[in-house]
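The values are calculated or read from the model by the stated rules, or taken from the named source; none is laboratory data. Values in this document were obtained by computation on a predicted structure and should not be read as measured data. Using ideal geometry, Cβ is built from the backbone for each residue, glycine included, and neighbour counts are taken over all protein chains shown.
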Amino acid sequence: APHVDIYLYSSTGLAEPSLIFQTSSTPVAAISQQKKIVKGNVITVYKPIKLDEQVIGELVLRYQSPNLAQSPMMGFALFTLALICAFLLAAAAKKRIVLQLN
């Protein structure tokens, strides 16, 4: 299976997004838009995470282009990973908002 570098950013909208999780020491900046960048055989996917139509973070995935036999499985794995990260960030944001309101 190909190696996937994961970066998770939190955003309040008042300042630059802050990196809250990463699996690689290679830096990748958040760009606050949905985009896929291909440089050689390295693919970087940027996906903003929204809660009630407000951007609360960004998920960045970087991986080497898989061969055609791995593509469907890789797509499913990345989708599942993105979905899990989105739910975790949304739950954390909800908890943070509730704590601030009390």
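Data overview
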{"item": "Residue within segment 11-26 that is loosely packed, with under 11 Cβ neighbours inside 10 Å, touching an Asp or Glu at 6+ places or on another chain (Cβ under 8 Å) and not in a helix (DSSP H, G or I) present", "result": "yes"}
{"item": "Top-ranked residue in segment 40-56 [being at pLDDT below 90 and not β-branched (Val, Ile, Thr); ranked as surrounded by the fewest Cβ atoms within 10 Å (Cβ to Cβ)]", "result": "Glu53"}
{"item": "Residue match in segment 66-74 (condition: at pLDDT 80 or above and under 19 Å from Ser24 (Cβ atoms))", "result": "no"}
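Okay, residues lined up against (1) among the acidic types (Asp, Glu); (2) at pLDDT below 85; (3) in a helix (DSSP H, G or I); (4) surrounded by fewer than 18 Cβ atoms within 10 Å (Cβ to Cβ):
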| residue | (1), (2), (3), (4) |
| --- | --- |
| Glu58 | yes, no, no, no |
| Phe79 | no, yes, yes, yes |
| Ile84 | no, no, yes, yes |
| Arg96 | no, yes, yes, yes |
